[in-house]
Amino acid sequence: MTSTRPGPDWLADAVLYQIYPQSFADSDGDGIGDFAGIAEHLDHLAWLGVDTVWLNPCFASPFRDAGYDVSDYLTPAPRYGSTEDLAALVEAARRKGIRVLLDLVAGHTSDRHPWFLASAEDPSDHRYIWSDRPVDGFVASPGSRPGWYRPNFFDCQPALNFGYARSSSEEPWRQAVDADGPRANRAALRAIMAHWLGLGVSGFRVDMAYSLVKDDPGKVETAKLWTELRDWLDRAHPEAALLAEWGDPAAAIAAGFHADFFLHFGGEDHGLPLRSLWNNNGGTVEEFWRQEACYFEAEGRSTPQPFLDAWRCAAELTEGSGHIVLPTANHDFSRLAAGPRTAEQLAPAFAFLLTWPTLPAVYYGDEIGMRYLPGLPDTEGSVLGPCFNRAGSRTPMQWAPGPTAGFSSAPPERLYLPVDPDPHRPDVLSQRADPTSLLHTVRRLIALRRAHPGLGAAGGVEVRHVGYPLVYTRAGRYLVAVNPRRESASVRLTGLPGLPEGGRWAQGVRPLEVQGARVADGELRADGFSYGVFELS
């Protein structure tokens with residue numbers, strides 16, 4: 001039976017930081033980021049307060065989907081360095097108190113993986129899903145094997161065969177989950193994980209974790225698969241963490257994962273909880289999305305209630321068994337600074353992220369307010385739709401002023417993606433020198449979270465006022481207010497349930513970290529784009 005513990009102790013209040021390796025730092029001047037470049041900037045992460053880094057896929061690949069089309073799970077892509085370089089990065093990070101998670105692409109490989117090349121020549125090979133007749137969505141065999149294979153995302157990403165939950169007389173090629181092919185793939189997942197855990201990584205974020213078993217109502221068989229792997233992980237590597245890309249924390253944690261992200265997709269509401277916070281239709285947008293204005297917008301036309309309701313439901317279902325991760329953005333979704341939202345508006349978003357009872361995940365560059373860059377060409381499969389170009393969230397990290405923003409010594413035209421052309425773009429060096437910058441704000445908020453565990457993932461929360469400002473208390477001891485709109489906002493605290501009455505406010509509120517918010521005479525007043533974290537006595 002799967003352990004009900006939520007995971008290793010270090011994960012309980014981790015601060016995660018996602019690195020897109022080809023865009024973080026280029027050490028050798030070829031225009032593409034690498035392991036050595038990441039290692040050179042570990043001091044930035046340690047200074048910021050990050051303790052857990054997740055790297056997007058860094059394995060050998062044709063890069064038709066930016067590395068999510070893996071051709072060798074046990075060998076890093078040469079663009080990033082060698083196995084020894086990755087091991088050196090993991091060890092250097094460990095010495096600074098930072099753990100490294102790798103991205104495990106579990107549901108498919110590249111069509112250039114040796115497994116698939118062999119399967120396309122051998123009708124008796126069942127590592128992939130093959131049909132002997134045309135099926136909607138299937139792709140014709142590229143080899144001597146007759147038939148069609150099922151892709152898992154792009155056509156170049158054939159789905160590994162983990163079986164079907166339901167058989168069908170009309171589709172006799174559906175294999176059961178305990179057939180030879182599915183069992184071989186489950187064993188391969190375990191071997192891949194054991195290999196990298198043996199080299200010092202601290203766990204994995206699993207790409208498309210929900211997608212393995214096909215035609216699986218309720219993901220029952222997929223959950224059994226991950227439960228089996230979690231049981232092994234608990235026994236063999238009890239300090240390792242397994243995070244899901246599922247977008248439905250209750251389902252993922254019930255399936256054996258230690259944590260799952262609120263995402264721009266997933267669940268019955270197709271990712272609305274996260275999008276209702278951040279998505280202002282200024283970056284990556286699916287055409288079928290239908291939502292009102294998001295809460296963190298300057299006009300102040302929305303409510304955080306969709307997120308609050310979804311979070312509370314997920315928190316109740318996962319209490320004591322796993323963690324919910326709240327990201328600023330990721331490699332597939334718009335940055336916080338997208339469309340009309342500028343870096344100057346982001347402080348209250350980070351105040352919320354770092355004082356809400358979830359695990360925070362900062363996407364590289366969001367800590368300085370890097371913006372989503374529209375209008376880029378399709379790069380390594382970045383375009384998913386007419387309004388959904390992921391390249392805009394994958395541009396080079398902005399370390400310093402200059403033509404390549406300190407990312408690379410290569411000429412600008414050789415960079416993996418162009419640097420933001422805005423002459424006023426933010427960068428780490430300039431913001432390190434400015435104690436009022438967003439970077440320093442994020443650092444102070446992370447330090448505050450660490451100094452006051454009641455502001456972390458485990459402390460209780462009570463929402464006291466929904467609207468502008470959003471007001472909540474943590475652990476019965478801390479008062480937090482965020483006002484992400486342009487106009488100022490205020491709320492009478494003396495009339496709110498569970499808070500001090502009357503004159504107790506005069507001596508009972510101590511500011512811990514504030515930016516444009518104050519409490520006086522029983523009223524909380526918040527300037528535009530402000531926040532306040534107070535301690536109650």
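The values are calculated or read from the model by the stated rules, or taken from the named source; none is laboratory data. It should be emphasised that the depicted structure is a prediction, and the values quoted were computed from it without experimental measurement. Here Cβ is always computed from backbone atoms with ideal geometry, including for glycine, and neighbour counts include all displayed protein chains. Keep in mind that these areas ignore ligands, DNA and RNA; they rest on the heavy atoms of the full protein, side chains included. Shrake-Rupley method; radii C 1.70, N 1.55, O 1.52, S 1.80 Å.
Could you look through the stretch 379-429, keep only residues that are among the acidic types (Asp, Glu) and closer than 22 Å to ASN280 by Cα, and pick out the one that is surrounded by the fewest Cβ atoms within 10 Å (Cβ to Cβ)?
ASP422
Might you check whether a residue that is over 25 Å from the mean Cα position of the chain (by Cα) and not in a helix (DSSP H, G or I) occurs anywhere in the stretch 451-462?
The answer is yes, given that some residue of the stretch 451-462 is over 25 Å from the mean Cα position of the chain (by Cα) and not in a helix (DSSP H, G or I).
Considering (1) more than 27 Å from ALA187 (Cα to Cα); (2) of a type outside the set (Phe, Trp, Tyr); (3) out of contact with any Leu (no Cβ under 7 Å at 6 or more places or on another chain); (4) surrounded by fewer than 17 Cβ atoms within 10 Å (Cβ to Cβ), say which one LEU117 fails and leave the rest.
Single failed check for LEU117: (1).
If ALA179 meets every condition in (1) among the aliphatic types (A, V, I, L, M); (2) under 18 Å from VAL105 (Cβ atoms); (3) open to solvent by 20 Å² or more (accessible area, probe 1.4 Å) apart from one, which number is that one?
(2)
Considering each of THR83, THR2 in turn, give the residue that is at pLDDT below 95 and either under 24 Å from ALA236 (Cα atoms) or open to solvent by 10 Å² or more (accessible area, probe 1.4 Å) (or both).
After applying the criteria, what remains is THR2.
Considering only the stretch 121-140, how many residues are closer than 20 Å to ALA184 by Cβ and either within 34 Å of the chain's Cα centre (by Cα) or open to solvent by 70 Å² or more (accessible area, probe 1.4 Å) (or both)?
8
Can you give me the number of residues within the stretch 22-40 that are over 23 Å from VAL325 (Cβ atoms), out of contact with any Lys or Arg (no Cβ under 8 Å at 6 or more places or on another chain) and either at pLDDT below 95 or part of a loop (DSSP other than H, G, I, E, B) (or both)?
6
Could you run through the stretch 72-106 and say how many residues are part of a loop (DSSP other than H, G, I, E, B) and farther than 19 Å from SER382 by Cα?
Of the residues in that region, 8 qualify.
Just one of (1) in contact with a Leu (Cβ under 8 Å, 6 or more places away or on another chain); (2) part of a loop (DSSP other than H, G, I, E, B) trips up GLU380, so point out which.
(1)
So which residues in the stretch 287-298 are open to solvent by 20 Å² or more (accessible area, probe 1.4 Å), over 24 Å from ALA250 (Cα atoms) and among the charged types (D, E, K, R)?
GLU287, GLU292
Check the stretch 418-435 and report whether any residue there is over 26 Å from VAL50 (Cα atoms), over 25 Å from the mean Cα position of the chain (by Cα) and not in a loop (DSSP other than H, G, I, E, B).
Within the stretch 418-435, none of the residues are over 26 Å from VAL50 (Cα atoms), over 25 Å from the mean Cα position of the chain (by Cα) and not in a loop (DSSP other than H, G, I, E, B).
Which condition from (1) open to solvent by 10 Å² or more (accessible area, probe 1.4 Å); (2) modelled with pLDDT of 95 or more is the one that THR473 breaks?
(1)
Just one of (1) open to solvent by less than 60 Å² (accessible area, probe 1.4 Å); (2) within 30 Å of GLY339 (Cβ to Cβ); (3) assigned to a strand (DSSP E or B); (4) hydroxyl-bearing (Ser, Thr, Tyr) trips up SER490, so point out which.
(1)
Restricting attention to the stretch 249-262, does a residue exist that is surrounded by fewer than 24 Cβ atoms within 10 Å (Cβ to Cβ) and closer than 30 Å to PRO340 by Cβ?
Looking through the stretch 249-262, none of the residues is surrounded by fewer than 24 Cβ atoms within 10 Å (Cβ to Cβ) and closer than 30 Å to PRO340 by Cβ.
Based on what the data block shows, is GLU462 farther than 30 Å from GLY33 by Cβ, at pLDDT 95 or above and open to solvent by 70 Å² or more (accessible area, probe 1.4 Å)?
Judged against the criteria, GLU462 is a match.
Given the criteria touching a residue at least 60 places away in the same chain (Cβ under 8 Å) and under 23 Å from ALA329 (Cα atoms), does ASP65 qualify?
The answer is yes for ASP65.
Of everything in the stretch 316-359, what is farther than 13 Å from MET370 by Cα, among the β-branched types (Val, Ile, Thr) and touching a Lys or Arg at 6+ places or on another chain (Cβ under 9 Å)? Give them in sequence order.
Within the stretch 316-359, THR355 is the sole residue that qualifies.
Give the residue that is most open to solvent (accessible area, probe 1.4 Å), with candidates limited to residues of the stretch 368-378 that are closer than 16 Å to PRO340 by Cβ and in contact (Cβ under 8 Å) with a residue 60 or more places away in the chain.
PRO374
Those residues that are over 30 Å from GLY456 (Cβ atoms), open to solvent by less than 50 Å² (accessible area, probe 1.4 Å) and among the hydrophobic types (A, V, I, L, M, F, W, C), I need them from the stretch 40-80; list them, please.
Residues satisfying the conditions are PHE59, ALA60, PHE63, ALA66, VAL70, ALA77.
What are the pairs with Cβ atoms under 7 angstrom where one residue, in the stretch 456-474, is within 23 Å of ALA293 (Cβ to Cβ) and the other, located anywhere, is polar (S, T, N, Q) and in a strand (DSSP E or B)? Sequence gap at least six, or different chains.
ARG464/THR473; TYR468/ASN483; PRO469/ASN483
Using the structure shown, decide if ARG341 is surrounded by fewer than 23 Cβ atoms within 10 Å (Cβ to Cβ), charged (D, E, K, R) and not in a helix (DSSP H, G or I).
Answer is no for this residue.
Within the set of pairs 6+ apart or on separate chains, which have a first residue in the stretch 413-436 that is on the phi < 0 side of the Ramachandran plot, a second that is open to solvent by 100 Å² or more (accessible area, probe 1.4 Å) and modelled with pLDDT under 95, and C-beta atoms under 7 Å apart?
Filtered contacts from the stretch 413-436: no entries.
When the stretch 299-332 is examined, which residues are found to be open to solvent by less than 10 Å² (accessible area, probe 1.4 Å) and part of a loop (DSSP other than H, G, I, E, B)?
Listed by number, the residues that qualify are PRO304, THR328, ALA329, HIS331.
Just to verify a result, which residue in the stretch 267-281, among those that are open to solvent by less than 50 Å² (accessible area, probe 1.4 Å) and in contact with a Cys (Cβ under 9 Å, 6 or more places away or on another chain), is farthest from ALA251 (Cα to Cα)?
Residue satisfying both the conditions and the ranking: ASN280.
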